[in-house]
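Here's a structure for you.
The values are calculated or read from the model by the stated rules, or taken from the named source; none is laboratory data. This one's a predicted model, so the numbers in the text were calculated from it and none came from an experiment. Heads up, the Cβs are rebuilt from the backbone with ideal geometry, glycines too, and the neighbour counts pull from every protein chain shown.
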Amino acid sequence: MSSRLAIEGGEPVRRAPYPPWPVLGEEDEQAVGEVLRSGRLTSLTGGTVAQFEAEFARYHGIKHCVAASSGTTAIHLALAAAGISAGDEVIVPTHTFIASATPILHQGAVPVFADVEADTFNVSRETIEPLLTPRTKAIIAVHLNGHPAAMDGILRLAQDRGLVVVEDAAQAHGALYQGRKVGTIGRMGCFSFWEDKIMTSGGEGGAVITDDDELAARLRMIRSHGEGPIAGERRYYHLVLGYNYRMPAMQAAVGLVQLRRLEEYLEARRRNAAYLTERLKEVPAVVPPYVAPYAVHSYYKYICRLRTDLRQAQGVSVDIERFVAAVAAEGVPISRRYPTPLHRQPVFQKLGYGDVSCPVAERLAGELFILLVHPTVSERDLDDVAAAIGKVAEAYGG
Ligand SMILES: Cc1ncc(COP(=O)(O)O)c(C=O)c1O
């Protein structure tokens, strides 16, 4: 292998395509086919969505699962069911996908952006506490990348002040916080089953889980036009403002197949992550994902930090953009992780968030990159990943 970088005309580390994710197969096809042939395509007419809800709730050891059309609509449902409304403040991390925060605006409430911990990339009691005001009504604790947020401190803050804690577990199916599955710790837990998530429901899909009977009833009502429970003849009687956020039956059918594979997927992701972490030990410029003592990580994404400071003292500056482009040219998939924190996004700048400062998230935006450890990836693929990272880091002085 040439040590000349591929981006400078050298031989790339890898030419073979990287294994894809997700991989759906015959079982998924059959499940979708059965729903199609039944003609019962929705949760209003067939039982597939209810079956998915029952199995997802059972997996979590929780009373209720309310399936939704996406992770975004699941979070919106949770905020609406909690009664979050105009003028209420909701604390949310600035380093996350935008859908953790936009449902707050959809409720007419005010997102308040919290900084994140430098190691877990999640909010914590320490980053949230300074932001509390008498108007604070809820906290959205995101378990980013599959690593649980430090929930004990967050719950204590919330209990003291009567705040609702909504977990955004869109990236963290099966992750454990002190042995408990994420999503079961706050008042409600929200999941996404989008195409590349740890498990998909065939492209789009989401769910809210809760142990609270009253919240579950409200979630169901708001999900479907604010209509009261339908037993017998439908009366078209609407009690509250609602939406059509229902999950279609074909999505639930795929979700059922994928849910049965979830533990196997998680095992493979964890095995791959452990292997890659071992391989990256030889690269001082790269800090592999941190795992807190309380956590079992789900590794939706394997996030590394580029130590851009490493050679600055010696006058070598390693720029994340250049680093990522050079590794990509070596033939392994890599991309930057949330290069623009939410408070710096134009959509929020226009709403007056210009003065917000979250120094840790702002620094991380220029340091983090994504590697992929999904279940179809083998050790040989990861050897190529480590080789490409090592080659570029060495060329750039790390
Ligand atoms: C942290 C986080 N929250 C919310 C969402 C929204 O989920 P969806 O794309 O299913 O609407 C996502 C999905 O990408 C996410 O990563």
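Can you name every residue in region 124-179 that is loosely packed, with under 15 Cβ neighbours inside 10 Å, of a type outside the set (Gly, Ala, Ser) and under 21 Å from the mean Cα position of the chain (by Cα)?
Answer for region 124-179, where residues must be loosely packed, with under 15 Cβ neighbours inside 10 Å, of a type outside the set (Gly, Ala, Ser) and under 21 Å from the mean Cα position of the chain (by Cα): ASP152, GLN178.
Does region 207-223 hold any residues that are in a strand (DSSP E or B) and farther than 14 Å from SER70 by Cα, and which are they?
THR210
Table: residues versus (1) at pLDDT below 95; (2) assigned to a helix (DSSP H, G or I).
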residue	(1), (2)
SER2	yes, no
ARG14	no, no
PRO22	no, no
GLU27	no, yes
GLY46	yes, no
ALA50	no, yes
GLU53	no, yes
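Looking at (1) in the same structural domain as ASP168 (by TED's automatic domain parsing); (2) surrounded by 15 or more Cβ atoms within 10 Å (Cβ to Cβ), can you tell me which one LEU241 breaks?
Here LEU241 meets the rest and fails (2).
Right, here's the next one. For region 134-149, indicate whether the set of residues that are in a helix (DSSP H, G or I), closer than 21 Å to THR210 by Cα and of a type outside the set (A, V, I, L, M, F, W, C) is non-empty.
So far as region 134-149 goes, yes, one or more of its residues are in a helix (DSSP H, G or I), closer than 21 Å to THR210 by Cα and of a type outside the set (A, V, I, L, M, F, W, C).
Give ALA326, ALA386, ALA393 a once-over and let me know the one that is within 27 Å of GLU8 (Cα to Cα) and touching a strand residue (DSSP E or B) at 6+ places or on another chain (Cβ under 8 Å).
The unique qualifying residue is ALA393.
Give just the number: which of (1) buried (at least 21 other Cβ atoms within 10 Å of the Cβ); (2) within 21 Å of the chain's Cα centre (by Cα) does ILE84 not satisfy?
So ILE84 meets the others, but not (2).
Among residues belonging to region 87-113 that are in a loop (DSSP other than H, G, I, E, B) and surrounded by fewer than 24 Cβ atoms within 10 Å (Cβ to Cβ), point out the one that is nearest to the ligand (Cβ to nearest atom).
Here the residue is PHE97.
I want to confirm something. Restricting to region 22-62 and keeping residues that are surrounded by 14 or more Cβ atoms within 10 Å (Cβ to Cβ) and among the hydroxyl-bearing types (Ser, Thr, Tyr), which single residue is farthest from the chain's Cα centre (by Cα)?
SER38
Sort out which residues of region 175-206 are of a type in the set (Lys, Arg) and either near the ligand (Cβ under 8 Å from one of its atoms) or part of a strand (DSSP E or B) (or both), and write them in order of number.
ARG180, LYS181, LYS197
OK, next. Inspect all residues belonging to region 63-76 and state whether any of them is away from the ligand (no atom under 16 Å from the Cβ), of a type in the set (A, V, I, L, M), surrounded by 24 or more Cβ atoms within 10 Å (Cβ to Cβ) and under 22 Å from the mean Cα position of the chain (by Cα).
For region 63-76, residues away from the ligand (no atom under 16 Å from the Cβ), of a type in the set (A, V, I, L, M), surrounded by 24 or more Cβ atoms within 10 Å (Cβ to Cβ) and under 22 Å from the mean Cα position of the chain (by Cα): absent.
What do you reckon, is SER298 surrounded by 21 or more Cβ atoms within 10 Å (Cβ to Cβ), under 16 Å from the mean Cα position of the chain (by Cα), within 15 Å of ALA74 (Cβ to Cβ) and at pLDDT 95 or above?
Against the criterion (surrounded by 21 or more Cβ atoms within 10 Å (Cβ to Cβ), under 16 Å from the mean Cα position of the chain (by Cα), within 15 Å of ALA74 (Cβ to Cβ) and at pLDDT 95 or above), SER298 does not qualify.
May I pose another question? Can you pull out the residues in region 168-217 that are among the basic types (Lys, Arg) and in contact (Cβ under 8 Å) with a residue 12 or more places away in the chain?
LYS181, ARG187, LYS197
Scan region 75-86 for residues that are of a type outside the set (Val, Ile, Thr) and either in a loop (DSSP other than H, G, I, E, B) or free of Cβ contacts under 8 Å to residues at least 12 places away in the same chain (or both) and jot them down.
ALA82, GLY83, SER85, ALA86
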